[in-house]
1. Could you work out the mean projected area of the convex hull around the alpha carbons of the stretch 250-305, in square nanometres to one decimal?
2. Give the accessible area for T373 in Å² (nearest 10); use a 1.4 Å probe, count only protein heavy atoms, and leave out ligands, DNA and RNA.
3. Ignoring ligands, DNA and RNA, how do T96, T201 rank by accessible area with a 1.4 Å probe, largest first?
4. Report the label-to-label distance for A123 and E416 in nanometres (one decimal), using points 7 Å from each Cα along the Cα→Cβ vector.
5. For R251, what accessible surface area do you get with a 1.4 Å probe? Give it in Å², rounded to 10.
6. Return one number: the angle in degrees, 0 to 90 and rounded to the nearest 10, between the long axis of the Cα atoms of helix 192-224 and the longest principal axis of the Cα atoms of the chain.
7. What number does the chain give for Rg over Rh if you use C-alpha atoms and the Kirkwood radius?
8. Please give the contour-minus-distance gain from V166 to W80: 0.36 nm per residue of separation, less the Cα-Cα distance, rounded to one decimal in nm.
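The values are calculated or read from the model by the stated rules, or taken from the named source; none is laboratory data. This is a predicted model, so every value here is computed, not measured. In this analysis, Cβ positions are derived from the backbone assuming ideal geometry, glycine residues included, and neighbour counts consider all displayed protein chains. What goes into the accessible areas is simple: the full protein's heavy atoms, side chains included, and nothing from ligands, DNA or RNA. Shrake-Rupley method; radii C 1.70, N 1.55, O 1.52, S 1.80 Å.
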Amino acid sequence: MFVEAAGAVLVLGGLACVASAIAGRRSWLVAALFAAALGAAAADAFGAGSAFHPIACALGFAGASVMVLERLGKPLTMTWLDFVMGGCAVGALSATTGAELGATLGASGVAAALGLARWRVSASLAITLVGLIALGEVPWLAAFPLALALWVREPPATPSPEFNPVVLVALLGYTMAALTLLVVGQFASLPPDAATLATVTLLTGIARAGLTVVDRLKHSHRQAVTDDLTGLGNRRHLLSSLESSIQDGAREVALLLIDLDGFKELNDTLGHHAGDEVLRQIGPRLEDALQPGNTLARLGGDEFAVVLDPGDEASASAAGLRLRAALEQSFSVGGIRVHIDASIGIALFPEHARDALGLLQRADVAMYEAKRTRTGHEVYLPARDTHSRRRLELLGELRDGLDGGELVLHYQPKAEMATGTVNGVEALVRWAHPRRGLLMPSDFLPLADHSGLGRSLTAFVLDRALVEIGERRRDGFDLSVAVNLSPADLLDLGLPSEVSRVLEQRDFPASCLRLEVSEDAVMADPERSLDVLRELRSIGVATSLDDFGSGHVSLGHLKHLGVDEIKIDRSFVMRLAEDARDAAIVHTTVDLGRRLGMKVVAEGVETVEAWDTLAGLNCDEAQGFYLGRPMTATALAGWMRERSAAR
């Protein structure tokens, strides 16, 4: 009677397993294996043959293994070794105690399944393991846990930690158990299958230890050549890849050095955490812009590099355009949108250098040339290398020059087109270098922006301009002064209060100060720039959009900027009288500015023809060599007196 009842329980358990698959709670494969295991156990209970008991245990073990694989995915090689070690070690111990084959298979299956799961036991697996143990000892009891396990919902698997102390303890336990059995076997008789399983356990443990060492070495190597922040290759990886590409010298190889424009100002203003977030976003964008087989690495800070193998000047220039295009869309950092551009230098093997470090130095020269000329990307030219070394020397001398009073201001007049009256000047900084003579802004302003001196330089120019033009105003000249802001200034929400403080300190009227911003500076962070410009206007300071037409400001942004004037870029003005297209652009810009309620100033007016054309277009003001070249504050006073006398 009991036998029939036990068999019936097992059959019902098998039906419950099939029902779980029909209900979609578990896969058909797992449900079928568990149902088959219970069916084999039922056959054994009904006296069909003793062979059905180990078959039931084997099928149950197979079902548990498939359950683990479906939840955790494809295991690593070391996980399979853990699987073998656990099964063999426990099997050896069970065989030594004289347990029946079914019980041995059940116990081994539990240990093997735990190894396959890396000892991360879910509720469903725990119930399954109880069922396996019952299947080996009291088969009819296995019907309940095995059926229940298939109906229990499991949460999604989480990533396995790199180091699990439970796994380590288990492996050490298996090894010690196998070693103990083999040592005991030297003095007492062991079942052959127990000795075999213990030997397999030790050999598997040795293999696993070897794989662990190899894996650690590979991991250490990956860490040595990987940038922690972005996950890209680092400088060591780049140089290794570059040296590998050029070692046979059989083909052209291109190196692109990428430097992010305005990144230091972003770090200084929003903090290094914001800069790190941008760098993490930049890596995937640059990777998407490259072709398969290209090597991308982060050299450190805001510098990246790309190796094109093979790569000539044309393909490198095309890659440079793609890389810069990938950065056109703004980045979201801390709830604000940030625009980052890049300057790219290109060096070619073997044309420019025949070793990796030489190529890196040549690409660096080209990159700074691209930054200086604002062309986006430049290919290395030997003629510019001397200039680059000069630039590096200037970079070291610039801070001392700023502190030592070597920087001076020159002023270029601006006149009203209708009357010719000069009511304002623009402050232009010069460097009176003790050895190199008078240096123009293009020689050192990019260095100031790149080295973080842009804010200090602006503060110097603003203060000096208010002092010197303040003196001219006390001399009786009713002049306003325009000062250029750097990209870093527009990201500083404290700029308006600092400007207000200097105006009060120098007793200079706010209405006579005009602050000029470039289109690129505005687009670095349009929302933040709008806030700064709005606060500047609230303290009475006028604002001007410089070099209009040469940057990225759209008409939509222009409408919302609220600047008081726009200055037409000199590139459109210098050939105004000869080029009908330039004339059309200037005419349209003047009309646009007047309709938006903005004053329009033309830069680069060098001829009387350009002056007359602008006057005919009703441009408000002009500035250029035709009116007057930049001059010192002292020379400006004399020039103003002469002009007044002549009129």
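1. Here the figure is 4.4 nm², rounded to one decimal.
2. 50
3. T96, T201
4. 8.4
5. Probe radius 1.4 Å; accessible area of R251 about 90 Å².
6. 0
7. Dividing the radius of gyration by the Kirkwood radius yields 1.24.
8. Contour length minus Cα-Cα distance gives 29.3 nm.
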